[in-house]
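Novice: First the structure, then my questions, so here it is.
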Amino acid sequence: MVATVRALKMHGGLALNELGTEDLDALRRGVPNLLHHVRCIRDTFGLPCVVAINRFPPDTDREIALLTELCGQLGVNVVLSTVGGRGGEALAREVVRLCETENHFRFAYELDAPVEEKITAVVRRVYGGAGAEILPTARRQIRELEALGFGGL
């Protein structure tokens, strides 16, 4: 998962012209969406996850420490990335390490489920929605796909 302090602070309500200043409260407000995606990778899909922070010069050590702490509470490592030459080495090492660990990959739905059930499962398990509203045109397209054999796997 890749994130920037700037984007997280923007999610936390800061205006574009304020992103270059340290604001731990805005960062804290912006982190829940990132953590939702981390949980989804880990809990829904059963995969290990690393958060890569593309660090920019205005990012402060305190902001990076807060982000590292919040991700660490979920048991997820944060790796700083200043990609370009050696700037991506630590991230590459962590990705390789995670690839070599045991994982329990699973889909968000049963493979043999009908297409509509798969869509509903993704809406619920990945996006946290109550369900999917499938319009008549989409419902017709789903039936056509299932008639072609795409309903199961």
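Novice: By how many degrees, 0 to 90 and rounded to 10, does the Cα axis of helix 89-100 deviate from the longest principal axis of the chain?
Specialist: Roughly 40 degrees, rounded to the nearest 10.
Novice: So what is the relative contact order of the chain, in percent, for Cα pairs below 8 Å that sit 6 or more residues apart?
Specialist: 20
Novice: Counting only protein heavy atoms and a 1.4 Å probe, tell me what percentage of the chain's accessible area is made up of carbon and sulfur.
Specialist: Details: 5290 of 9420 Å².
Carbon-and-sulfur percentage of accessible area, whole number: 56.
Novice: For region 1-71, what is the convex hull (Cα atoms) projected area averaged across all directions, in square nanometres?
Specialist: Here the figure is 4.3 nm², rounded to one decimal.
Novice: Next up: Could you work out the local net charge near N77, counting Lys and Arg as +1, Asp and Glu as -1, over the other residues with Cβ closer than 13 Å to its Cβ?
Specialist: Its environment carries a net charge of +1.
Novice: Tell me, in nm to one decimal, what length is gained between L98 and R29 on full extension, where the rule is 0.36 nm per residue of separation less the Cα-Cα distance?
Specialist: Using 0.36 nm per residue and subtracting the Cα-Cα distance, I get 22.0 nm.
Novice: Over the Cα atoms of region 6-124, Rg to Rh with Kirkwood Rh, two decimal places?
Specialist: On the way: Rg = 16.9 Å, Rh = 16.1 Å.
With Rg and the Kirkwood Rh in hand, the quotient comes to 1.05.
Novice: Read phi for every residue in region 47-56 and hand back ³J(HN,Hα) as whole Hz from Karplus 6.51 cos²θ - 1.76 cosθ + 1.60, θ = phi - 60°, with x for Gly and Pro.
Specialist: Those phi angles translate into 10, x, 9, 10, 9, 9, 9, 6, 8, 10 Hz.
Novice: Let me ask something else about it. Test of understanding: in a Gaussian network model of the chain with alpha carbons linked when under 10 Å, which of A90, A52, A138 would top the mean-square fluctuation ranking?
Specialist: Its mean-square fluctuation being the largest, the pick is A138.
Novice: Here's another thing I want to ask about it. Count neighbours as other Cβ atoms within 10 Å of each site's Cβ, and list the trypsin sites (Lys or Arg not before Pro) in region 1-82 that are DSSP loop with at most 14 such neighbours.
Specialist: none
Novice: Tell me, what is the 1.4 Å probe accessible area of D25, in Å² to the nearest 10?
Specialist: Number for this one is 100 Å².
Novice: Under the rule of at least 5 residues apart or a separate chain, name every residue whose amide H is placed under 5 Å from the amide H of V2.
Specialist: For V2, the qualifying residues are A52.
Novice: Any chance you could give the angle, 0 to 90 degrees and rounded to 10, that helix 115-125 forms with the longest Cα principal axis of the chain?
Specialist: Helix 115-125 and the main axis of the chain meet at about 30 degrees.
Novice: Averaging over all projection directions, find the projected area of the Cα convex hull of region 45-84 and quote it in nm² with one decimal place.
Specialist: Value for region 45-84: 3.4 nm².
Novice: Any number yet on Rg/Rh for region 79-140, C-alpha, Kirkwood?
Specialist: With Rh from the inverse mean 1/r over Cα pairs, Rg/Rh is 1.25.
The values are calculated or read from the model by the stated rules, or taken from the named source; none is laboratory data. Quick caveat: nothing in here was measured; it's all calculated off a predicted structure. Heads up, the Cβs are rebuilt from the backbone with ideal geometry, glycines too, and the neighbour counts pull from every protein chain shown. Just so you know, the surface numbers come from the protein's heavy atoms only, side chains and all, with ligands and any DNA or RNA stripped out. Shrake-Rupley method; radii C 1.70, N 1.55, O 1.52, S 1.80 Å.
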